[in-house]
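The values are calculated or read from the model by the stated rules, or taken from the named source; none is laboratory data. This structure is a prediction, so every number in the text was calculated from the model and none was measured. Cβ atoms come from the backbone with ideal geometry, glycine included; neighbour counts cover every protein chain shown. Remember, those area values only see protein heavy atoms, side chains included, never the ligands or the DNA or RNA. Shrake-Rupley method; radii C 1.70, N 1.55, O 1.52, S 1.80 Å.
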Amino acid sequence: DSKSFLVCAAKPMGMIKPGEAGTVVPIEGPLPAGVLGEVRCHQQIYKRRGDVNGICRTVLRNVMTVSSFRLTPKPRHGFGSYFAPAPALWDTPALLRDDASAARLAETMATGRAIVMRGNGCITTGATVEEAIVMAFYLEEAAITELAVLAVGDNAHSAVLGPEEAAARATGAGRIFERMWEYLTDGDPET
């Protein structure tokens, strides 16, 4: 019984119409016809991470802007705490279209919740697809704060959560992820 996951064949998941089928991709083996080459990153992450049951690959404006400085957001507030000490940076804007590059990206991500791809968006993970999407929202909020700190130019006075503070704040208790998912999908007829 091999593992597999669902993606959209030739367009972003957000463009799949209600009732339209996606494509099932095996964790091991070649990509099915029509599946975008970067889906190899999903394969490689799933292969290495038994804790991951959801992946969100997205292009977020502020995450991309921070990455253009070759930086990733620091844990300056609650949302940023989930990525402490900071998400890994994949320091190339090149598309990941081969297994070797996708494997290196997954190794760079290691056990983190996210990896920021310089000039090419990010990948977030979670125990569920919903959690992975919530992590993308949190990462974008962390990037907005990081850009505000960079704009002020006074890093000496900007707090960064320490390891203990970040670990205590990065909780899933109290339906944190579920409540954010409900907020993000409020009014969506498909949920």
*Select from region 152-184 those chymotrypsin sites (Phe, Trp or Tyr not before Pro) which occupy a DSSP coil region and have at most 15 other Cβ atoms within 10 Å, ordered by residue number.*
none
_trypsin sites (Lys or Arg not before Pro) restricted to region 55-110 and DSSP loop, no more than 14 other C-beta within 10 Å_ = Arg70, Arg97
*Of Leu96, Leu161, Thr191, which is farthest along the charge dipole of the chain in the positive direction, counting Lys and Arg as +1 and Asp and Glu as -1 at C-beta?*
Leu96
*Given charges of +1 on the Cβ of Lys and Arg and -1 on the Cβ of Asp and Glu, with all other atoms neutral, how large is the dipole of the chain about its Cα centre, in debye to the nearest 20?*
440
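Within region 56-166, what percent of beta bridges assigned by DSSP are antiparallel, to the nearest 5?
On the way: 6 of 9 bridges.
That works out to approximately 65 percent antiparallel.
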*To the nearest 10 square angstrom, what accessible area does Leu95 show with a 1.4 Å probe?*
100
*Pairs of Cα atoms under 8 Å, at least six residues apart: use those to get the relative contact order of the chain, whole percent.*
23
_At q = 0.13, 0.17, 0.20 Å⁻¹, what log₁₀ I(q)/I(0) does region 61-113 have when each alpha carbon counts as one equal point scatterer in the Debye sum?_
-0.36, -0.60, -0.79
_Accessible area of Met180 in the full protein assembly, 1.4 Å probe (Å², nearest 10)_ = 30
*Determine how large the accessible area of Ser68 is when every protein chain is in place; take a 1.4 Å probe and give Å² rounded to the nearest 10.*
80
_Extreme residue, positive dipole direction of region 1-145, given options Val24, Gly50, Ala106 (C-beta unit charges)_ = Ala106
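Which GluC sites (Glu not before Pro) in region 151-189 pass both tests, a DSSP loop state and at most 10 other beta-carbon atoms within 10 Å? Could the numbers behind the result be given before it?
Details: sites: Glu164, Glu165, Glu178, Glu182; in loops: none.
In loop regions of region 151-189 (DSSP not H, G, I, E or B), there are no sparsely surrounded GluC sites (Glu not before Pro).
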*When the solvent-accessible surface of protein heavy atoms is calculated with a 1.4 angstrom probe, in what order do His157, His77 fall, highest first?*
His157, His77
